[in-house]
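Structure first, then comments.
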Amino acid sequence: MTRFVLVALALVACANPQSAELEEQAEVWAAAGIDDYVWDVQRSCFCEFWEPVRVEVVGGEIASATRQVTDGDPVVLESGDYEDWMTVDGLFDEARRAVDEADEVTLAFASEGYPTLVDIDWMKNAIDDEVSYSAEGLAPILE
């Protein structure tokens, strides 16, 4: 099994160094064993959400999400308004898609392996296709 994982990582690294880094960090995150946590995620783009969203994740699923409004009270989002990228695993999936499909991707990770920045330019010469996800303040929920 170990040989298979090493060979798989070597093949990924040859194809795209960012893919290798992404998978290495995903392994670090998985090894941390954190299934229940809160974190602040922000999406910046030519899109609706600009303020950070405080996301509570329990068992790998979003339990609640609250938009941290700059000038006003926080807004609790309805469950239908949750986006897939709001969990660590969802952000990893979005980063994988970007590494495979986008013209330019910048990635940064916390020491626990989770992404702190996924900056994507889907088409280098297009306008308003860029999106950036930033995350901070991840804290495990202790029982």
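Just so you know, all these numbers are worked out from the coordinates, no wet-lab data involved. Fair warning: this is a prediction, and the values are worked out from it, not measured in the lab. Glycine also receives a Cβ, built like all others from the backbone with ideal geometry; neighbour counts cover every protein chain displayed.
Only Lys, Arg, Asp and Glu carry charge here, each on its Cβ (+1 for the first two, -1 for the last two); on that basis the chain has a dipole of about 460 debye about its Cα centre. Against the chain, whose longest principal axis is taken from its Cα atoms, helix 2-15 shows a tilt of about 80°. In terms of surrounding Cβ atoms within a 10 Å radius of their Cβ, 105, 88, 53 rank from fewest to most as 105, 53, 88.
Both numbers refer to the Cα atoms of region 21-66; Rg and Dmax are 13.0, 35 Å. Compared with the dominant Cα axis of the chain, that is its longest principal axis, helix 88-101 is turned about 60°.
Given the -39500 (n - 2.57) contribution per DSSP H run of 4+ residues, what per-residue ellipticity at 222 nm results for the chain, rounded to the nearest 500 deg cm²/dmol?
Values: 3 runs with 44 residues, N = 143.
Calculated from helices alone, the mean residue ellipticity at 222 nm is -10000 deg cm²/dmol.
Computed over every Cα-Cα pair of region 31-90 and binned at 5 Å starting from 0, the pair-distance distribution P(r) comes out as 4, 19, 30, 25, 13, 6, 2, 0 percent.
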